[in-house]
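Working notes for the structure below.
Just so it is clear, none of the values below were taken in a lab; they were calculated from the coordinates. All values reported here derive from a predicted model rather than from experimental measurement. Because the Cβ atoms are built from the backbone with ideal geometry, glycine has one as well, and the counts that use them run over all protein chains shown.
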Amino acid sequence: MLTDGNGDVAGTAEAMVDLPLYAAPALALAELSKVKRLMISYERAGAPTVEMAAVTSVRRLTTTAVAFDLTCARSVVVADGLASLRDSGTRRMVKVAVLARP
């Protein structure tokens, strides 16, 4: 919250926090639904790749697993402390390192 010299509210801003995704299953679904994008890193053809992907929805699969659906017809599934990127077209799965960005 931003205040002026008199202490009156001048504006507000959304807080941004980087969160390791292995913690996602421990969070409430209401908190998980606030995640807007994920920073994903993985190897493609032997080269390191980093991308930012927008989240369209989140699903709780079990008490230790959640899935973040992405705009690019893929999803990031976090299960038992491991994250994987799943391509819905090819059903290919890649282990990834992911940070949640609210």
In nm, to one decimal, how far is the modelled label at Ala47 from the one at Ala30, with both set 7 Å along Cα→Cβ? 4.5
Once you put a point 7 Å from the Cα of Thr62 and another 7 Å from the Cα of Val9, both along the Cβ direction, what distance in nm separates them? 4.3
